[in-house]
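Single-structure report; data block below.
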Amino acid sequence: MTEVAHPAATHHLPIFITAPGDTDVLMVGTAVFLLLATLMVGILFFRLHTLPERIAHRGHKLQFEIVAVLGLISLFTHQHIFWIAGLLLALIDLPDFSGSLGRIAGSVEKIAGIEPGEGAAKVPDDMFAAPKEHEEAAEAPPETVADVKRGDGAAQAPKRPELVPAGTRS
């Protein structure tokens, strides 16, 4: 069956007009373009959104986890101030005090006569909790105040003043 154009129609039809029953190439092309454009914009959004986290990770920053949490909060709450705070925190170098404090702790242990690194081994995890039944109390260090004899040059510890109730003062 041959299709004859209507006599009122123009003799030249644009390429985007298809015959009835044929595939609309323009619509398929537009749909594919829209799908790819949406995917690319989403990828660009997430790459831009994780920018502070990538900056902090690349710089091996101490505050990396805080920056990551700020990024997640801004993603879920749509509050851009969290993203800006994360970006600023990722760009700032916080000083690392752990190295200096570790050296100080090692020096203090050396002065106290303890091998560096062994000072924390004798401290219980929760030093304010009472010892459990199956655990023994921590041993006292070998040299205590009671072991120091009088006359060996050590000064006697000053006596603590006794506390008197407020109503019994004269």
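The values are calculated or read from the model by the stated rules, or taken from the named source; none is laboratory data. All of these numbers come straight from a predicted model, not from anything done at the bench. All Cβ positions, even for glycine, are placed from backbone atoms using ideal geometry, and neighbour counts span all protein chains on display.
For ASP152, are the conditions met, namely being in a loop (DSSP other than H, G, I, E, B), modelled with pLDDT of 60 or more and not hydrophobic (A, V, I, L, M, F, W, C)?
On the way: in a loop (DSSP other than H, G, I, E, B): yes; modelled with pLDDT of 60 or more: no; not hydrophobic (A, V, I, L, M, F, W, C): yes.
Criteria not met by ASP152.
Residue by residue through the stretch 18-40, note down the ones that are surrounded by fewer than 10 Cβ atoms within 10 Å (Cβ to Cβ) and of a type outside the set (Ser, Thr, Tyr). Selection gives ALA19, PRO20, GLY21, ASP22. Residues satisfying the criterion are present in the stretch 65-81 (criterion: among the aliphatic types (A, V, I, L, M) and within 30 Å of GLY117 (Cα to Cα)).
Do the conditions hold for PHE82, that is, is it out of contact with any Pro (no Cβ under 8 Å at 6 or more places or on another chain), surrounded by 11 or more Cβ atoms within 10 Å (Cβ to Cβ), among the aromatic types (Phe, Trp, Tyr) and without any contact (Cβ under 8 Å) to a residue 60 or more places away in the chain? Yes; evaluated as a whole, the condition is true for this residue.
Within the stretch 56-115, which helices (runs of 4 or more DSSP H) (wholly inside it) include 1 or more residues that are among the basic types (Lys, Arg)? The helices (runs of 4 or more DSSP H) meeting that bar are 98-111.
Quick test for you: out of GLY113, GLY99, pick the one residue that is surrounded by fewer than 10 Cβ atoms within 10 Å (Cβ to Cβ), more than 30 Å from the chain's Cα centre (by Cα) and either at pLDDT 65 or above or of a type in the set (S, T, N, Q) (or both). Even if it seems obvious, please write down each step before you answer.
Working: GLY99 fails: more than 30 Å from the chain's Cα centre (by Cα).
After applying the criteria, what remains is GLY113.
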